[in-house]
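Down below is the structure, laid out as structure tokens.
Taken together, the values in this text are just the output of simple stated rules run on the coordinates, not laboratory data. Please read all numbers here as calculations on a predicted model, not as lab measurements. Don't worry about glycine lacking a Cβ; one is built from the backbone with ideal geometry, like all the others, and counts go over all protein chains shown.
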Amino acid sequence: SRRQGHSLTMVALDGYLVGILELQPVLRPEVTQVLAELRRRRRLRSIVVISGDQSAPTRRLAQEIGADEFHAEVLPADKAAIVAQLQKQGRKVCFVGDGINDAIALKQANVSVSLQGATTAATDTAHVVLMEESLQQLPALFALADAFDRTNRHTMLAILGTSAIGLAGIFALGFDLRHMTILDQLGLLWGGTVAMRPRLE
């Protein structure tokens, strides 16, 4: 059983061993598809499994999902330390967890995700809680974050771009209040169009 990566829990009654429970970690049915979708995203660099379980089942799990690396037999505080180490390497970490032992790492991560039905410690700590007992919406969450980032960049370009043109115009072309008012209105129109674009798509 241990060679196969399963865990054993001994059961005793009145001081005598009466049974052994064999525990086998099972992947959520949606995990393979979700990870395949996430891997197609350019910004996803690597998938890391961090588990408090024994080395054999964690290795088997990591191989099954195609993880780039794994860490086994990790204590709760050490999970956060691994996240911090990844951050020191310049990585932005999105930590997905649902257990009480994940709470410290969820707090340490740049972005943390839990899901409905997880422990209270996980849902209270996570930045985002998926309102289904499934990771199926994780790719949609990443897509939403990308759309927000794109809209934010375009809005800043609208604001700063017209301001930069105005400043250059004041010093080089003699822009007056009339020109600056027109630029301000153009910037407002541009920013409003960018902000409304997701509603129009």
Quiz prompt | Separation of alpha-carbon centers, the stretch 180-197 and the stretch 80-131, rounded to whole Å | solution = 38 Å
Self-check item: Rounded to 5, percent antiparallel among DSSP beta bridges of the chain
Solution: 45 percent
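Per 0.36 nm of contour for each residue apart, how much would the distance between residue 41 and residue 167 grow if the chain were fully extended, relative to their Cα-Cα spacing?
Fully extending the segment from residue 41 to residue 167 adds 41.5 nm.
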Exercise. Enter the angle in degrees (range 0 to 90, nearest 10) between the Cα long axis of helix 177-200 and the first principal axis of the Cα atoms of the chain, meaning the one along which they spread out most.
Key: 30 degrees
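In nm, what is the difference between 0.36 nm times the number of residues separating residue 4 and residue 85 and their Cα-Cα distance?
Numbers: separation 81, 0.36 × 81 = 29.16 nm, distance 3.04 nm.
In short, 26.1 nm is gained.
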Quiz prompt | Projected label distance in nm at residue 64 and residue 132, using a 7 Å step from Cα toward the beta-carbon | solution = 2.1 nm
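Around residue 10, under 15 Å between beta carbons, what's the net of Lys plus Arg minus Asp minus Glu among the other residues? Walk me through the numbers before you get to the answer.
Values: positive: 2; negative: 14, 22.
That works out to -1.
Restricting to Cα atoms and excluding each atom paired with itself, what does the Kirkwood estimate give for the stretch 45-165 in Å? Display every interim value, and only then the final one.
Details: mean 1/r = 0.0628 Å⁻¹.
The Cα-based Kirkwood calculation yields 15.9 Å.
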Quiz item: Got a sec to turn the phi values of the stretch 55-64 into Karplus ³J(HN,Hα) couplings, 6.51 cos²θ - 1.76 cosθ + 1.60 with θ = phi - 60°, whole Hz, x for Gly and Pro?
Solution: 5, 4, x, 5, 4, 4, 4, 4, 5, 5
Quiz item: If you plug each phi of the stretch 163-171 into the Karplus form 6.51 cos²θ - 1.76 cosθ + 1.60 with θ = phi - 60°, what whole-Hz ³J(HN,Hα) values come out, in order, with x for Gly and Pro?
Solution: 5, 5, 4, x, 4, 4, x, 4, 7
Self-check item: Relative contact order, percent, the chain [alpha-carbon distance under 8 Å, six or more residues apart]
Solution: 12 percent
